[in-house]
Every structure is written in C-alpha cells, then in structure tokens.
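To start, the structure itself, in structure tokens.
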Protein chains: 2
Amino acid sequence: MTEAKLSTRRSIVLRRRPTGAPHPDDFETVEDALPEPAAGQVLTRTLWLSIDPYMRGRLSAAASYAAPVEIGEVMTGESVGEVLVSADPRFAPGDFVVGSRGWQSHSLSPASHLVKLDPAGPPLSTYLGVLGMPGVTAYSGMTDIGQPRSGETVVISAASGAVGSVAGQIARRAGARVVGIAGGPEKGLYVQETLGFDACIDHRAMDLGGEIEAACPTGIDVYFENVGGEIQAEIFARLNPFARVVMCGMVSQYNSPKPPPGPNLMFVVRQRVLIQGLIVTDKPERFAEWRALASPWVMDGSLHYREDVVQGLENAPEALAGILTGRNFGKLLVKL
Amino acid sequence: MTEAKLSTRRSIVLRRRPTGAPHPDDFETVEDALPEPAAGQVLTRTLWLSIDPYMRGRLSAAASYAAPVEIGEVMTGESVGEVLVSADPRFAPGDFVVGSRGWQSHSLSPASHLVKLDPAGPPLSTYLGVLGMPGVTAYSGMTDIGQPRSGETVVISAASGAVGSVAGQIARRAGARVVGIAGGPEKGLYVQETLGFDACIDHRAMDLGGEIEAACPTGIDVYFENVGGEIQAEIFARLNPFARVVMCGMVSQYNSPKPPPGPNLMFVVRQRVLIQGLIVTDKPERFAEWRALASPWVMDGSLHYREDVVQGLENAPEALAGILTGRNFGKLLVKL
C-alpha cells in the first residue's frame, strides 16, 4: 500500500433517497484524510461490515424508531475493526472492536461506543451475526416475547437468515418443534440439515397455507415474524390459544413506497406495541379481586355505572339485537 | 300467581342460527315443569339477566373460544337469582346468587357454579355489570395488559358501555388522561360529565382521525378495544412507542357473516394472542447476556451459522439491495 492510501479514508454516503429497491447509484464513495482522534476517541480500520434489512428504513425520510440517514451523510452500520490510534486509556493499537461505525474504511468513534473483542474467542465476524445484533435480536425476541416451551410449535420466517437461524436454534434448545419458512430448496435443506429445524417450508409453494398446516398439525404457539405479507396472514390463521407473535420485521414490504393494502402491522414493530387478546374467564382469580376492590366504590358512589333495564324474559332476544348496534345506553339487563 | 305458573319454568332456546343481526324469531320460548334439584344442585328463580355483546358469538356455529349454543338449547347468559330449593349445604332458600344460568325463569345449577351475594351489599344487579363479568373484564384488561400509568393517554372505545365505562374509570384512578369514543351526544355527555373522562369523541364524527388527534395531542399509550373497524385503524395510526392494546372485542363486526376486508384482528381476541414489537436496542443488557451464553456454543460448533461474504466496501450498496430480496444466503457481511 502506498503512503497516500494509508492516510486516506473512504466513506459511502447517501446521495439520494431510493424509490423502491435501493440501487448502487443512490450512494457515492467519498475520500478524505484519516482524522486524528481527540481525547476519548479511537481511530479504527474496518475489517468487517454488516449488511442488515433494517438499513432500508434508514434510507427513507419517513418516521421510524431511528432517525433516517441524511443526504450526504455516511451510511449507518455495525462493523468490526482494528484500533490504529487510541486517545482513550481503554483501547490500544491492535485491539479488535465492534460498534456502530458506518460504511467507512476507517472510523473515528467515542471509546464508549466500542466493545473490545478477544481475538482468541469466536471469529471476529460472528460479532456482526450470530453473536451480534441479529443474534441478540433472536435471543431477546425469544426471551422477552416468544418464550417457547417444550412441546410447543414455533414457526420462524426468513429461517435461514441471520436472525431466523438463531431464533430457531434457541427454540429447539427449549424443546420446541421448530418449523422454518425460507425461499428455495437450497435454503430449505440448510435449515433442516444444518440448523436442525424439524421442517422447512418453501414460501414459493403453490399451497402455502396447506404446507403450513401439514407441518404444524397441532397449530402454532410462537411465530417469529421477519417477513410480513401473505406468510403472516397464513400463520395468523393457524395460531393456537395463547400464542405469542414476535414482531421483528417485515422485509417483504421494506422496498414499497406505500404500505401494502390489507392487514399491515408494521407499526407494531416500529412502535414496539404490545397487542394482547383478553377473555376474562382465563383469569378466574380476577373476579374475587375486583369485587373486593370495587364493592366499596359502588357503595360510596365513586364508581359510576348506568343500567338500561328491559322488562320480561321474553324481551331478551330483542335486547341482544339492540346491544350489537349500540341501541342500549348503560349495562343492558333483563328484569324478570 | 296461580299454582300452574308457580310450578312452570320458561326458557328461551335457540330456534335457528341468525344470519347478520339476530332477530327475536331466531329464538322461541318453551315451558316445562320446575325441576327438582338432585344432591349438590340448587333451584333458583331468576331476578336479573345480563345481555352482553359476546353472546352474538354463541349463536354462530363457527369456532370460537367457547362452544356455540346448539339449536334447541337454552341460550347462555349470566344471571342473578334467588334460591328456591337447595340440595346443597352451602345454600338455603332466600339466598341470592350470581352465576351462568342461561335465559330461564328458573334454573337448576350445580352449587359449585354459584356465588352467594350479600343483600346488604351493592345492588344485586351490579353483579352482572360493574361488579360482574363486564367490570372484571375491564379490571383484568387494565391490570394484565393495559397497565396505564400516571400522565399517559388512554383511549377507550364503546366508552359508555358496561366494560368501557369501568375501564376508563380504572385508568383515571391510575392518573391517566382518558379519552372515550362513543356514539352520539347523549352518551358523550355521560362519559365526560358522569364518568369523568377527560374527553369523549363521537364515532360518527366527519373527521374521526382529526378528532382523535386533537383529543390526544401526545399520542396514545393504551387502547382498550371493544369495537374494531375504522376506529381501530385510526387509533393504531396514533399509538406511541411501547403502547399497549387490550383486545377485548370488536362489536362492529359481530353481525357480519364474513369477517370484513382489510385489517382484521378478531383472532387476537379469540385466541388470546400476544403480539409484540421488538427493537433489539431497547434492552441493551441482552447483548452482554447473549454473548456470554452463546460464545461457548459458537466455539464448540453447536450453534450453527453461515456467512455470505461480499468483498470490498464499494460493494456494500449492492449487497443491501440483495438482502431485501433474499439474494444472500447466510449472514451478509462486507469484508474490507
């Protein structure tokens, strides 16, 4: 390498916002001189850069859970690097680090944003995949939401991907039956033979619903959602009581300028919404609890209620017709 | 009353399954002699019968969380009654009870299905409303799912109804700002003036979305769903990060022979599904946890992963385009 190259930094910046699929022309490479770290900063050389589906969201101006990359700004991304110059006591030249450092050959980072890696440990690249953000996404999704139990059926979309492949292996370790969904026979074979999933469905199948049903004869208890669209609809139709759905992403629609029609739950991911169904008799202990709590409020008049009273058992059918269209005003009762 | 009337029981049975809105002709009244309780049973006279929207689901043959009422069977329902004859030591004539006893003038129930009520306590009818199944539904929904906190904004649909009116009052007691949605000015006035909600929106408003936005200037943290349809869509578009949605019912579609097109989440209620969005960085502690757990599995080869490596920083944009259409196979990385 020449001296010029050693002192030059290459960065890929966003040139314009893509419409639909991103294209290399939406980006451009710029060069500048290697910067000097100020106190508390570290200059690193990038060894590995991670490419992840979430990055599509950063290219759009639309509101998301993170700020978009601005035009002319370096594209965001996690990377593994080697420390060249350190102005922080925690790092020394030759250290390996992982952090969010963007699409750059060299990066200047606050030391507090970097995590030091042991070169004698797992391969450095795994800190961007199985041990990095995608692996932790799978782990957090299964630990905090999915919670698969032994004997349950877990379905994972994008099963051969960085997140799905780990999510399924975690569910297998928990004793669940794990069914993957992936595109094409090569990925399907990998998911079953190497990852050890119990089955894998090709999402290009003619009868996707039928294949899901055949692979999940007792229904679905956990769904790890990476894809959205038709797959989501087919899975939702086969969820068991008390199923958990980890809404991690919907890559099938990231290139769409407008959200596709029909059920669209991308807001659940973006806003980390919790949506949960309720049937009151599932928690019978709440009845006695609520009566003990609220009876004094009824007696002292501080809990307000209104009754809409229909006279005579024979008028119950007409009353039921009315409650469905909001004709009643207050709790509808029949007095015998 | 004549001796004949005293010894006769009237029951309303399902004659045929309604299409669309239920009609009184879908039911018929049958009479039989008052039954004698066997050991462990109690004969009661019905005083109050509850009419609730969930009953529409019992009239359909379609699978739900509870078995449908069969043709010729007594219609299901909660009621308050007075014990006439008891063949169980826990109850005596003159006792007041609440239980699921159907649309009947008199019912024979297993004693274990009845709860005794104190006539000196709250009015007997409240055990079908504010202290009964609808009140407990509101309580369980707010306690187990919604968990409103002081300063948060909570929206309740069907706000003047038996469930909504209690749900909103619970949220007010928790210090939340509570916005109701109800049909017409009379119900709106009741919701604001008597129930003490901070605002109430008429769902017949020309610009429903605009009215919701005006009433919830900082967005929505908890939504208690009783209605579905357009209201649901307008609320979902305005949920804050970490919002909770209590899916209690969707009365707007109970009379529809087919589920309406577009987003339809009735399965969330029916199956008590939990759907939760995930952004991995919300729980930063999961990173260190997962690395400690999974590094040994990477080292011993028991956690499988596959990498798809692109050479050169300049190829990062093309790689990103590919990951969105599933061109990669394994964790996509750029090697510099």
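The values are calculated or read from the model by the stated rules, or taken from the named source; none is laboratory data. Since the model is a prediction, treat every value here as computed from it, not as a measurement. With ideal geometry, Cβ positions are generated from the backbone for all residues, glycine too; neighbour counts draw on all protein chains shown.
Looking at the range B:147-173, which of the residues that are of a type in the set (G, A, S) and at the interface with another protein chain (Cβ under 9 Å from one of its Cβ atoms) is surrounded by the fewest Cβ atoms within 10 Å (Cβ to Cβ)?
Let us first name the residues in the range B:147-173 that are of a type in the set (G, A, S), namely B:150-151, B:157-162, B:164-165, B:167-168, B:171.
Filter once more, so that each one left must be at the interface with another protein chain (Cβ under 9 Å from one of its Cβ atoms): B:158, B:160-162, B:165.
Numbers: B:A158: 27, B:S160: 29, B:G161: 32, B:A162: 32, B:S165: 31.
My answer is B:A158.
The number of residues in the range B:215-228 that are free of Cβ contacts under 8 Å to residues at least 60 places away in the same chain and loosely packed, with under 12 Cβ neighbours inside 10 Å comes to 1.
Of all residues in the range A:285-298, those that are over 14 Å from B:G129 (Cα atoms) have Cβ atoms under 7 Å from Cβ atoms of residues that are of a type in the set (S, T, Y), 6 or more apart or on another chain, in A:R286/B:Y139; A:R286/B:S140. Take the conditions among the small types (G, A, S), over 18 Å from A:G249 (Cα atoms) and touching a strand residue (DSSP E or B) at 6+ places or on another chain (Cβ under 8 Å) and apply them to A:A176. Does it pass? Taking the combined requirement at face value, the residue satisfies it.
Within the range A:30-51, if we keep just the residues that are without any contact (Cβ under 8 Å) to a residue 40 or more places away in the chain and within 11 Å of A:S7 (Cα to Cα), the residue that is nearest to the other protein chains (Cβ to nearest Cβ) turns out to be A:E31.
For the range A:160-173, check the following and say yes or no: at least one residue is of a type in the set (S, T, Y) and outside any helix (DSSP H, G or I). Yes: one or more hits. Within the range A:191-224, the set of residues being part of a loop (DSSP other than H, G, I, E, B) and more than 10 Å from chain B (Cβ to nearest Cβ) comprises A:F197, A:D198, A:R204, A:A205, A:M206, A:D207, A:C216, A:P217, A:T218.
Scanning the range B:72-126 for residues that are farther than 22 Å from B:T137 by Cα and aromatic (F, W, Y) returns B:F91, B:F96.
Quick one: count up the residues across the range A:174-190 that are surrounded by 13 or more Cβ atoms within 10 Å (Cβ to Cβ), at the interface with another protein chain (Cβ under 10 Å from one of its Cβ atoms), out of contact with any His (no Cβ under 6 Å at 6 or more places or on another chain) and not hydroxyl-bearing (S, T, Y).
From the range A:174-190, those surrounded by 13 or more Cβ atoms within 10 Å (Cβ to Cβ) are A:174, A:176-184, A:187-190; that's our starting set.
If we keep only those that are at the interface with another protein chain (Cβ under 10 Å from one of its Cβ atoms) as well, we get A:182-184, A:187, A:190.
Right, trim to out of contact with any His (no Cβ under 6 Å at 6 or more places or on another chain) and you get A:182, A:184, A:187, A:190.
With not hydroxyl-bearing (S, T, Y) added as a condition, the list becomes A:182, A:184, A:187.
So the count comes out to 3.
Pull up the range A:77-104, narrow it to residues that are within 11 Å of another protein chain (Cβ to nearest Cβ) and without any contact (Cβ under 8 Å) to a residue 60 or more places away in the chain, then point me to the one that is farthest from A:P22 (Cα to Cα).
Taking the range A:77-104 as the starting set, the residues that turn out to be within 11 Å of another protein chain (Cβ to nearest Cβ) are A:77-82, A:98, A:100, A:102-104.
Okay, now just the ones that are also without any contact (Cβ under 8 Å) to a residue 60 or more places away in the chain, so A:77-82, A:98, A:100.
On the way: A:G77: 16, A:E78: 19, A:S79: 21, A:V80: 24, A:G81: 26, A:E82: 30, A:V98: 26, A:S100: 21 Å.
Filtering the range A:77-104 for residues that are within 11 Å of another protein chain (Cβ to nearest Cβ) and without any contact (Cβ under 8 Å) to a residue 60 or more places away in the chain, the one farthest from A:P22 (Cα to Cα) comes out as A:E82.
Total residues in the range A:171-212 satisfying the condition of being at pLDDT 95 or above and either under 15 Å from A:F224 (Cβ atoms) or of a type in the set (A, V, I, L, M) (or both): the figure is 21. Only one entry of B:S107, B:S150, B:S165, B:S125 meets the criterion of being at pLDDT 95 or above and within 17 Å of B:A199 (Cβ to Cβ), and that entry is B:S165. Among the conditions (1) within 25 Å of A:A237 (Cα to Cα); (2) modelled with pLDDT of 90 or more, B:V269 misses just one, which is (2).
Within the range A:119-142, restricting attention to residues that are more than 7 Å from chain B (Cβ to nearest Cβ) and not in a loop (DSSP other than H, G, I, E, B), the residue that is surrounded by the fewest Cβ atoms within 10 Å (Cβ to Cβ) is A:L124. Restricting the first member to the range B:250-276 and to residues that are touching a residue at least 40 places away in the same chain (Cβ under 8 Å) and under 17 Å from B:R56 (Cβ atoms), and the second to residues that are of a type in the set (F, W, Y) and assigned to a strand (DSSP E or B), no beta-carbon pair is closer than 6 Å while six or more apart or on different chains. The set of residues in the range A:317-334 that are more than 7 Å from every other protein chain (Cβ to nearest Cβ) and surrounded by 19 or more Cβ atoms within 10 Å (Cβ to Cβ) contains only A:N328.
The set of residues in the range B:62-88 being assigned to a strand (DSSP E or B) and closer than 29 Å to A:F329 by Cα consists of B:V74, B:E78, B:S79, B:V80, B:G81, B:E82.
Listed conditions (1) at pLDDT 90 or above; (2) among the small types (G, A, S); (3) crowded, with 20+ Cβ neighbours inside 10 Å are all met by A:S252, apart from (1).
Scanning for something touching a strand residue (DSSP E or B) at 6+ places or on another chain (Cβ under 6 Å) and either free of Cβ contacts under 8 Å to residues at least 12 places away in the same chain or closer than 15 Å to B:W48 by Cα (or both), does the range B:141-156 turn up at least one residue? Among the residues of the range B:141-156, not one is touching a strand residue (DSSP E or B) at 6+ places or on another chain (Cβ under 6 Å) and either free of Cβ contacts under 8 Å to residues at least 12 places away in the same chain or closer than 15 Å to B:W48 by Cα (or both), which makes the answer no.
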